[in-house]
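These notes are about the structure you will find just below.
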Amino acid sequence: MQYCPRCKVKIRGEKACCPLCHGSLATIEGENLPPSFPVLKVSRERTVTKLRVLTFLMVLIEIAAVTTVVMVHQMTGELIRSPFFVMIGVFLAWLDILIARYYRNNVISLIEVQAIIGMLCCLVIDSFTSGGLSWSVEWVVPAGLVGLEVIAVCVGHGMGMHLVDYGVYLIIDTILGLLQILPIAIHWNPFPVPAILCIALQLSYVAYAVIFRARDLRNASSKFLNI
């Protein structure tokens, strides 16, 4: 194996000179050879700096919102709610950026995590504004869970993935869908029809997977449970 000390590349065969720089070559034997191509150092300084700036701006806005609430309450005795929604919105935007960066190579995971966080925020906002749970458990959660399963199946088929690759997301969505039985049982869901339809659709797909795709579903379950 020949090696060019100027270009720092290994060259196969017997060459009179380096084909890149036409310089002299050295013959190196042994396992401790330099890499075939130069190793480029990827700097993460710029990315880390951007995240720190975004985090700092998020903290400043949160502090400003809390300060506004306290000042208005001290001057008028009223408790305004709009700054709380600003705080939630800014925090979600910051969290969305972090999630998008972490799951940038996995479209289904990105959509799943963002949608689940969005549904949780809807539950919090609903309980905060309505004094209980109404539109969030009636419409947002059922529609969101059905939409997530449809997106997982469509993206999986579109990207040529097997059920074992995206089946874990279907399992998670089905488990979350079955949890809707709890608010129905304790009468926290004033209009349970969408939730019941959501559970029925999810169980129908589970029945299809068990009957026609049992092996893939078992492999996906093993992957999810790390068996």
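Every number in this text was worked out from the coordinates using simple rules, so none of it is lab data. Predicted model, so just to flag it, every value in this text is computed and none were measured. Quick reminder, even Gly has a Cβ in these numbers, built from the backbone with ideal geometry, and neighbours come from all protein chains shown.
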GNM top mover of Ile151, Ile181, Ile211 - the chain, alpha-carbon springs below 10 Å: Ile211
Determine ³J(HN,Hα), in whole Hz, for all residues of region 13-23 in sequence, where each value follows from phi through the Karplus function 6.51 cos²θ - 1.76 cosθ + 1.60 and θ = phi - 60°; x replaces Gly and Pro. x, 10, 10, 6, 8, 5, x, 8, 10, 6, x
Between the helical axis of 214-225 and the dominant principal axis of the chain, each derived from Cα atoms, what acute angle in degrees is found, rounded to the nearest 10? 90 degrees
5 Å is the cut-off here: which amide hydrogens, built 1.01 Å from N in the peptide plane, fall below it relative to Val9, excluding neighbours closer than 5 in sequence? Cys4
Go through region 117-132 residue by residue and turn each phi into a ³J(HN,Hα) via Karplus (6.51, -1.76, 1.60, θ = phi - 60°); whole Hz please, and just put x for glycine and proline. 5, x, 5, 4, 5, 4, 4, 5, 5, 4, 5, 6, 8, 9, x, x
Ordering 58-66, 138-146, 99-107 by per-residue average of other C-beta atoms within 10 angstrom, highest first, gives 138-146, 58-66, 99-107
Report, in deg cm²/dmol and to the nearest 500, the calculated mean residue ellipticity at 222 nm for the chain, where each DSSP H run with n ≥ 4 adds -39500 (n - 2.57) and the sum is divided by the residue count. -22000 deg cm²/dmol
Place a +1 charge on the Cβ of each Lys and Arg in the chain and a -1 charge on the Cβ of each Asp and Glu, then give the dipole magnitude about the Cα centre in debye, rounded to the nearest 20. 1100 debye
Column: log10 I(q)/I(0), Debye, Cα scatterers of region 60-154, q = 0.10, 0.11, 0.15, 0.25 Å⁻¹: -0.37, -0.44, -0.73, -1.21
Of Ile151, Ala214, Leu20, whose Cα points farthest to the positive end of the dipole of the chain (charges on the beta-carbon: +1 Lys, Arg; -1 Asp, Glu; origin at the Cα centre)? Leu20
Test of understanding: ordering Val137, Val193 by Cβ neighbours within 10 Å, fewest first, what list do you get? Val193, Val137
Ascending count of other beta-carbon atoms within 10 Å, so fewest first, for Asp216, Asp173: Asp216, Asp173
